[in-house]
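The values are calculated or read from the model by the stated rules, or taken from the named source; none is laboratory data. Quick caveat, the model's predicted, so the values are computed rather than measured. Cβ placement follows ideal geometry from the backbone for every residue including glycine, while neighbour counts extend to all protein chains displayed.
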Amino acid sequence: MSITSNNRTRSGFTLVEILIVVVILGILAAVVVPRFAGATEDARIGAFISSLKTYTDACEYYNAREGRYPVDGGSGAVPTGMETYVDASEWTSDTPLSGVWDTEFLDNGVTAAVGVHFSGSTNPGDSVMILVDERFDDGDLSTGSFQKLAGDRYYYILAP
């Protein structure tokens, strides 16, 4: 007696199965991608704060050794005398939030300050800088040690 079998073996996925997988991956991507976009901004703010702390410490060290704070340097240029205290290539590069590093001395209403000077469209605006201030200081750009000194300048005040 012979038994015949009509069982066929499948050797691939059906179009419907592939479409279901693509839809599921699309939904996951729509949920995950916006979360990574926010993480990137948080990372840039963290890197900015870290660099600002480094430059603040360098200016304080300069003051301790030289008896005064660094002179008012041009935006993006290493202040005279600070060459041995900071890495010139990092100082002259854009900050993690764009803009350039700068020092103030007896200008903009402060004795000494170090911070960032934005120009034109590179300014991320007060909303981003308030996030920096919330992590770094008191969350108010008009008070505390991190302040907005002008429309495009945000500085850590070394000496009021």
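Per-structure values
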{"quantity": "Residue within the range 29-39 that is surrounded by 15 or more Cβ atoms within 10 Å (Cβ to Cβ) and among the aliphatic types (A, V, I, L, M) present", "calculated": "no"}
{"quantity": "The range 18-62, residues that are under 23 Å from the mean Cα position of the chain (by Cα), β-branched (Val, Ile, Thr) and modelled with pLDDT of 90 or more", "calculated": "Ile45, Ile49, Thr54, Thr56"}
{"quantity": "Extreme residue, nearest to Ser51 (Cα to Cα), among residues of the range 75-87 that are surrounded by fewer than 19 Cβ atoms within 10 Å (Cβ to Cβ) and free of Cβ contacts under 8 Å to residues at least 24 places away in the same chain", "calculated": "Asp87"}
{"quantity": "Residues of the range 103-158 classified as part of a strand (DSSP E or B) and farther than 13 Å from Asp72 by Cβ, total", "calculated": "8"}
{"quantity": "The range 148-160, residues that are surrounded by 15 or more Cβ atoms within 10 Å (Cβ to Cβ), more than 23 Å from Ala64 (Cα to Cα) and of a type outside the set (D, E, K, R)", "calculated": "Leu149, Tyr154"}
{"quantity": "Considering residues of the range 88-127 that are hydrophobic (A, V, I, L, M, F, W, C) and surrounded by fewer than 16 Cβ atoms within 10 Å (Cβ to Cβ) only, the residue nearest to Glu41 (Cα to Cα)", "calculated": "Ala88"}
